[in-house]
Amino acid sequence: MNSNIASPKALGFGVFAVASWMFFLAHAGLVHPMGIDPGTMHMAMTLAALGLLIAGIMAFLRNEGWLAFFFLFWAGLAWGSTHGMGHGAMQAGDMRFTAWFTIAITLVNLYLWYAAMKSKKLGGAVSFTMLLLWLSMLALGLQGFLGGHVLERISGALGLASALVAFYVSAGSLCPDMNLPGIAREDNAG
């Protein structure tokens, strides 16, 4: 591990938490999707993509493979969501394409959750974040196939919970001396 580079956890999970919070607000029904200014969401997701990209590069340089993949994967999704990914499918009204894409993301998150759960270096809070994110994306993908608002609201609620736990991971990573439950200490992460 390259200890000359700061831990990317605080930045990466903080940015991920803000982006997730913004994304899942409408799915949870707390704001109306038509009330969200597209320019604001575009700016938020672009900044999230850049923050996650920086955190992913930091993790890569520290030889922290799981964190590098997670941050870079979500940086790509955040960037793509604001720069045309799936735009043609959405114009054509093909919700099945979006649902299949969401299920594919769900499968990646299932693997990430399993790896985080088995890892002693990441901590239980990271694993719990991934579990909530996996369930949220699964509900969102199923909603694309089955329709209805119940699965979308469940997805939104689980996504917001995932964002809150990611905030906890970020804050806990800033204060490693506090020994917060579920937060892996840096000396154990090496």
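Results, tabulated for the structure shown:
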read-out	value
Hits in the stretch 125-170 - residues which are over 19 Å from Leu107 (Cα atoms), free of Cβ contacts under 8 Å to residues at least 12 places away in the same chain and not in a loop (DSSP other than H, G, I, E, B)	Val150
Ser127 being surrounded by 15 or more Cβ atoms within 10 Å (Cβ to Cβ), touching a Ser or Thr at 6+ places or on another chain (Cβ under 7 Å) and either modelled with pLDDT under 85 or small (Gly, Ala, Ser) (or both)	no
Unmet requirement for Leu50, which otherwise passes all of (1) under 13 Å from the mean Cα position of the chain (by Cα); (2) modelled with pLDDT of 90 or more; (3) of a type in the set (A, V, I, L, M)	(1)
Residues that are touching a helix residue (DSSP H, G or I) at 6+ places or on another chain (Cβ under 7 Å), assigned to a helix (DSSP H, G or I), of a type in the set (Gly, Ala, Ser) and under 23 Å from Ala157 (Cβ atoms), drawn from the stretch 29-71	Ala44, Ala48
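Here is a yes/no grid of residues against (1) surrounded by fewer than 20 Cβ atoms within 10 Å (Cβ to Cβ); (2) under 17 Å from the mean Cα position of the chain (by Cα); (3) at pLDDT 85 or above:
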site: Leu151; (1), (2), (3): yes, no, yes
site: Ser155; (1), (2), (3): no, yes, yes
site: Ser162; (1), (2), (3): no, yes, yes
site: Asn179; (1), (2), (3): yes, no, no
site: Ile183; (1), (2), (3): no, no, no
site: Ala189; (1), (2), (3): yes, no, no
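The values are calculated or read from the model by the stated rules, or taken from the named source; none is laboratory data. Since the model is a prediction, treat every value here as computed from it, not as a measurement. When we count neighbours, we look across all protein chains shown, and the Cβ atoms used for this are built from the backbone with ideal geometry, even at glycine.
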